[in-house]
Amino acid sequence: MGLVIGETGRGTYVRDLYAPPGYGQTPESQRQGVVDLAFNYPYLPKQADQLRHALRELAAIGDLSSLISAQHTVGRESERRLVASHLGARGVNVQASDLLLVNGAQQGLALTVMALLKPGAVVAVDALTYPGFIALAQTHHLDLVPIAMDSHGTNLNDLERLMSARPVKAIYTMPTLHNPMGWVMGIADRKRLVRLARQYDALIIEDDTYAFLVAESPTPIRELAPERTVYVSGLSKTIGGGLRFGFVISTSHHLGSLERTLRALTWSNSTLVTALCGRWLEDGTVIRMELEKRVDARVRQAIADEELAGLYTIRNPASYFVWLLLPPEIRADQLAGSLKRQGILVAMSEAFAATAFFPHAIRLSMGGLDLAVLRAALKQIRSEIDNYPI
Ligand SMILES: Cc1ncc(COP(=O)(O)O)c(C=O)c1O
């Protein structure tokens, strides 16, 4: 009847009936019976308890009033230092003073675009890229130009051709675990990309949102070209997308305009959220979650190995994504529509396309779902493709 709620390790409690189920968050994906493979927010079941525990700890600190006060636009020094040392372990060597805390990586990207690029600026992106950057480019009226992709990633010959022909002001790249393809750019390609950016004086926007899933990734581009790279990442995929904790690293040369723009966008970040994430960075929770999600992603890819065998997929065993190329007779929109009617949501290739034409493909995001539910959904997708009426 929904009158009680159980908390692992604590017991059963009368539910607060004034709080709507899901705290009023009822996007399609959270409705009963809907399996969401469209959005990727990896989540492990124990995280709710982890949050409950952390909130209790926070409530017990002496100076709670400090969490009500606004903080400095770029974030508090202590938390910026924690992020800097966390990134150090990932091979990004940065001083706290080069770093701004933001309200999620998407805001970090928006900030970079607004602060450092003028409307109309030519920006090179992979032909298939993160939809959030495409949306940003549309809002800020950037001139997005697609770089061809080959079987292992960005085609740098095409980027070179593009840069010699057009005044490319910035390159947006996801070198470690590309969304949606799961690619990791090798060190030689990273160095070549940097050489091109230097030769044509372009900014590099390095989106490292998924890098934590790769145990040993090549040197981050920011390390190779600190003078022209803005590095953006966050904790949405490690901890949770609802918290909105991200960070931007830049050269001191750009920091002033980034800070001014951040002030214009948000004044300052939520003190409560940065305090919470700071504690998790400090007590090792973030590192533990990163390691657990690395294992979790591989378990899910192993299920995909079994259930999608024989279909043409592009994916990295370390990632949560499956890029599923459909046989030529199957249209992605029709397949997605049919799956939706059966309660399975998938993302169509169109959302990722910086080009007018896009492949017949769908992206499956495997994070967050119960493993049995994931397996059943992949089976259903498989059967839908096998039995597609021609
Ligand atoms: C590649 C990439 N960059 C940035 C983001 C935005 O992340 P955040 O939730 O931290 O704003 C996402 C989220 O899906 C993403 O996939």
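The values are calculated or read from the model by the stated rules, or taken from the named source; none is laboratory data. Quantities reported herein were computed from a predicted structural model and do not represent experimental measurements. Note that we place each Cβ from the backbone using ideal geometry, even for glycine, and neighbour counts take in every protein chain shown. Each accessible area value is taken on the protein alone, full model and side chains, heavy atoms only, with ligands, DNA and RNA left out. Shrake-Rupley method; radii C 1.70, N 1.55, O 1.52, S 1.80 Å.
Tabulated data for the structure shown
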{"read-out": "Segment residue 302-residue 257, length gained on full extension (0.36 nm per residue, minus Cα span)", "value": "11.7 nm"}
{"read-out": "Cα centroid of the range 274-318 to Cα centroid of the range 123-184, whole Å", "value": "25"}
{"read-out": "Cα-centre dipole for the chain with unit charges at Cβ (Lys and Arg positive, Asp and Glu negative), debye to 20", "value": "300"}
{"read-out": "Heavy atoms of residue 217: accessible area, 1.4 Å probe, square angstrom to 10", "value": "40"}
{"read-out": "Set of aspartates and glutamates with alpha-carbon distance to residue 340 below 18 Å, sequence-local pairs under 8 removed", "value": "28, 36, 350, 384, 386"}
{"read-out": "Accessible area per residue in Å² at 1.4 Å probe, computed on the range 294-388", "value": "44"}
{"read-out": "Among 354, 229, 60 the positive-end extreme of the charge dipole of the chain (Cβ point charges)", "value": "60"}
{"read-out": "Value at 222 nm in deg cm²/dmol, rounded to 500, when DSSP H runs of n ≥ 4 in the chain each add -39,500 (n - 2.57)", "value": "-12000 deg cm²/dmol"}
{"read-out": "Relative packing of 285-294, 345-354, which averages over residues the other C-beta atoms within 10 Å, highest first", "value": "345-354, 285-294"}
{"read-out": "Proximal lysines relative to residue 46, as straight alpha-carbon distance under 28 Å, when same-chain residues fewer than 8 apart are discounted", "value": "237, 293, 379"}
{"read-out": "Between the range 189-212 and the range 84-120, the Cα center-to-center distance that results, in Å", "value": "14"}
{"read-out": "Relative contact order (percent, whole number), the range 127-233, Cα cutoff 8 Å, 6+ residue spacing", "value": "24"}
{"read-out": "DSSP H segments from the chain that extend 15 Å or more along their own axis, Cα-based, with Kyte-Doolittle mean of 0.0 or above", "value": "105-116, 271-282, 371-386"}
{"read-out": "DSSP-defined antiparallel bridges as percent of all bridges, the chain, nearest 5", "value": "60"}
{"read-out": "Carbon + sulfur, % of accessible area of the range 87-170 - ligands and nucleic acids excluded, 1.4 Å", "value": "53"}
{"read-out": "Accessible area, probe 1.4 Å, largest first, for residues 307, 282", "value": "282, 307"}
